[in-house]
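The structure under discussion appears below in the form of structure tokens.
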Amino acid sequence: MKFLKSFFSKQEGEIATSELDWVQLTTEEQLSILDDASALHPQLIYKHSTQCGISSVILRNFSSKEGHPESGINYFVLDLLRYRNLSNAIAEKYGVTHQSPQILIIKDGLIVAHASHSGILEMDINEFA
């Protein structure tokens, strides 16, 4: 598995992530594109509170966990503090109660799996790739 490049970011507003190919989710337009793309590949959203130590630890541990698929799944991270309205739109669109930290896996426009807190680390995303 790839090692973390820089978990703690130096630029304000930037979420530092691992070498997993994380994309920051910031707009409803991106969400619409993500939803359409879920017809081809599963889409994973990590809902992250940048001021929560637990959320940061779970993100770091999830990112460094062995066995993530190298392809076949797209990874998005959502900063809940900066984009709360987008988090609410996700909860409304997919009918999943908001939690943080939380992972949602979207396939064919539907939530096929979700987990929060320590359940994130127990999830085997390979079954969706």
- Task: Would you point out the residue of segment 75-103, among those that are among the hydroxyl-bearing types (Ser, Thr, Tyr) and outside any helix (DSSP H, G or I), that is surrounded by the fewest Cβ atoms within 10 Å (Cβ to Cβ)?
- Result: Thr97
- For Ser71, are the conditions met, namely being surrounded by fewer than 19 Cβ atoms within 10 Å (Cβ to Cβ), of a type outside the set (Val, Ile, Thr), touching a Leu at 6+ places or on another chain (Cβ under 7 Å) and under 14 Å from Leu20 (Cα atoms)? no
- Residue check for Glu12: out of contact with any helix residue (DSSP H, G or I) (no Cβ under 9 Å at 6 or more places or on another chain), at pLDDT below 95 and in a loop (DSSP other than H, G, I, E, B): yes
- Message: With the requirement that a residue be farther than 25 Å from Glu28 by Cα and either of a type in the set (Gly, Ala, Ser) or crowded, with 16+ Cβ neighbours inside 10 Å (or both), what does segment 45-55 give you?
- Response: Gly53
- Message: With the structure loaded, tell me whether Glu70 is over 13 Å from the mean Cα position of the chain (by Cα) and modelled with pLDDT of 95 or more or whether it fails that test.
- Response: no
- Query: Quick one: which of Ile58, Ile106 is part of a strand (DSSP E or B), touching a residue at least 24 places away in the same chain (Cβ under 8 Å) and either more than 14 Å from the chain's Cα centre (by Cα) or surrounded by 18 or more Cβ atoms within 10 Å (Cβ to Cβ) (or both)?
  - Reply: Ile106
- Query: Hey, any hits in segment 31-40 for a residue that's at pLDDT 95 or above, over 13 Å from the mean Cα position of the chain (by Cα), within 21 Å of Ala129 (Cα to Cα) and crowded, with 16+ Cβ neighbours inside 10 Å?
  - Reply: yes
- Report, ordered by the first and then the second residue, all pairs with beta carbons closer than 9 Å, sequence separation of six or more or different chains, a first member in segment 80-97 that is of a type in the set (Val, Ile, Thr), and a second member that is part of a helix (DSSP H, G or I). Ile90/Leu31; Val96/Ile90; Thr97/Ala91
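The values are calculated or read from the model by the stated rules, or taken from the named source; none is laboratory data. Predicted, not measured: the structure shown is a model, and the values here were computed from it. So basically every Cβ, Gly included, is an ideal-geometry build from the backbone, and we count neighbours across all protein chains shown.
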